[in-house]
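The values are calculated or read from the model by the stated rules, or taken from the named source; none is laboratory data. Just so it is clear, the structure is predicted and the values come from calculations on it, not from any experiment. Backbone-built Cβ (ideal geometry, glycine too); neighbour counts: all protein chains shown. Remember, those area values only see protein heavy atoms, side chains included, never the ligands or the DNA or RNA. Shrake-Rupley method; radii C 1.70, N 1.55, O 1.52, S 1.80 Å.
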Amino acid sequence: MDQGREEVDVRFNEFPNIGFITAKLPHNVLEPILSEVSKMQVDFEDNIKYQSTLVGHMEHAYKLVDSIPTLEPFVLHLTNMYDDKWDYKESAIMHPLGELDTELSSCWVNFQQKHEFNPPHVHRGLMSFVIWIQIPYDIDKEEAHFPYITEGNKTSKFQFHYSDTLGIHRQIAINVNKDMEGVICLFPAGMMHSVNPFYTSDGFRISIAGNVGFKTP
């Protein structure tokens, strides 16, 4: 500072906010999912259809069943970690938790094809999650598919949509590339999000999605 000017104690204060968690699934959690997904692809007609409960523009979505006993404890563990960080459960229901427990209330597999997408939407419950299982494309080729977009290319990406403390609409885009296979993203169910289409592969982009809710008494 300039000589003679009094030193000012400036403090930067942030508004309280919440975020999202990402983590790599342990082998013992991922393997049962991979096995069940592989069986589903043998004959889609043998699976429990889930499309009618979703907003996604996708032909193939089916209920996850066999691997739930292994997946649920891991997701609930992450939910508790989320709550430890942001104290979200109590604020979400506006009263002390008491005896309320959480459970994996719904879970399904998305077999997303080229050009299919999920428009901006929210889920029911306390928390939601997505697990990326198979990414059929290369993210660089996806972005190169639209060479005239030189900044903010959103092709094939997973996006969060929210308003900042000034009410300005913001987006966070996650690069869903091959490095994200086996990664889970956990976030509040009321967080607006969307899944953009991909264009450069004829394979399935396979993901697991689900919701965590409070157990009813």
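Worth pointing out:
- Scanning the range 25-82 for residues that are open to solvent by less than 90 Å² (accessible area, probe 1.4 Å), of a type in the set (G, A, S) and assigned to a helix (DSSP H, G or I) yields a total of 2.
- Selection count, the range 187-217, where residues are within 16 Å of the chain's Cα centre (by Cα) and among the β-branched types (V, I, T): 4
- Residue match in the range 5-23 (condition: surrounded by 12 or more Cβ atoms within 10 Å (Cβ to Cβ) and without any contact (Cβ under 8 Å) to a residue 40 or more places away in the chain): no
- Residue match in the range 203-214 (condition: over 21 Å from Y82 (Cβ atoms) and in contact with a Leu (Cβ under 6 Å, 6 or more places away or on another chain)): no
- For the range 181-195, residues that are open to solvent by 30 Å² or more (accessible area, probe 1.4 Å) and touching a Phe, Trp or Tyr at 6+ places or on another chain (Cβ under 8 Å) total 3.
- Residues of the range 26-75 satisfying the condition of being in contact (Cβ under 8 Å) with a residue 12 or more places away in the chain, farther than 21 Å from V195 by Cβ and of a type in the set (S, T, N, Q): N28, S35, S67, T70
- Selection from the range 135-180 of residues that are open to solvent by 70 Å² or more (accessible area, probe 1.4 Å), more than 25 Å from N17 (Cβ to Cβ) and not hydroxyl-bearing (S, T, Y): D140, K141, H145, P147, E151, K178, D179
- Sole residue being of a type outside the set (D, E) and in contact with a Leu (Cβ under 8 Å, 6 or more places away or on another chain), chosen from V130, V183, V122: V183
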